[in-house]
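Each remark here refers to the structure printed beneath this line.
The values are calculated or read from the model by the stated rules, or taken from the named source; none is laboratory data. Just so it is clear, the structure is predicted and the values come from calculations on it, not from any experiment. Methodologically, a virtual Cβ is constructed for each residue, glycine included, from the backbone with ideal geometry; neighbour enumeration extends over all protein chains shown. With ligands, DNA and RNA removed, areas are computed over all heavy atoms of the protein, side chains included. Shrake-Rupley method; radii C 1.70, N 1.55, O 1.52, S 1.80 Å.
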Amino acid sequence: MKMRIVVWLLISSMSFPLFAQKNAAYFVQRAQKRMLQEDFQGALRDFNDAVALEPNNASAYVNRGMLQACYLFNKRSALYDFNKAIELSPNEPSGYYNRGSLLKDAQDYEGALKDYNRVIELSPNFAGAYYNRATLYYFFIGNKKQACTDWHKAESLGYQEASEWIAKYCKEAK
């Protein structure tokens, strides 16, 4: 009898990691892999599982929002997810950045500008925020001088695509 108990304890302790409960990080990581494989519905299920396991996980909401916006074209759900991520983690720039892009596409230029400004306030070296804000200024708000300033800042932070826009649009704005 003692032998069976010892063997059972040994086997169960060795196999425990195989049956350990999966956490939100596991599902987020698996969802990201599924996105790379273009299994968008599978990725959505995994992001939903991550949010169900950890409803206060802002990263899971941001990632699910990006999936919803970019691949499933469900802008309303994406906006919900970005808003929730911002509510949960108001000092994390990724929710604002992604919501800003969504608002720009929805032609809410004031809202997008506010979000890009917040990203830059929280993370002054976030090159993509300068680049996107420059595009917003140039094409939708009409502030070409500020756009060129932002493109130059984005370029200085390593955002290579900004160089093309500077060459094309910032000659007269110098």
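Structure notes:
- Residue in segment 116-123 that is of a type in the set (Ser, Thr, Tyr) and in contact with a Lys or Arg (Cβ under 7 Å, 6 or more places away or on another chain) present: yes
- Residue tally, condition aliphatic (A, V, I, L, M), open to solvent by 20 Å² or more (accessible area, probe 1.4 Å) and closer than 17 Å to Val62 by Cβ, over segment 105-133: 1
This table checks each residue for (1) farther than 30 Å from Asn23 by Cα; (2) in contact with a Ser or Thr (Cβ under 9 Å, 6 or more places away or on another chain); (3) buried (at least 21 other Cβ atoms within 10 Å of the Cβ).
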| site | (1), (2), (3) |
| --- | --- |
| Gly65 | no, yes, yes |
| Ser77 | no, no, no |
| Tyr97 | no, yes, yes |
| Leu103 | yes, no, yes |
| Lys144 | yes, no, no |
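- Wholly within segment 97-174, helices (runs of 4 or more DSSP H) carrying at least 2 residues that are over 21 Å from the mean Cα position of the chain (by Cα): 144-156, 161-169
- Residue in segment 39-50 that is under 25 Å from Leu103 (Cβ atoms), open to solvent by 20 Å² or more (accessible area, probe 1.4 Å), at pLDDT 95 or above and polar (S, T, N, Q) present: yes
- The residues in segment 92-109 that are closer than 12 Å to Lys75 by Cα and without any contact (Cβ under 8 Å) to a residue 12 or more places away in the chain can be counted, and the count is 0.
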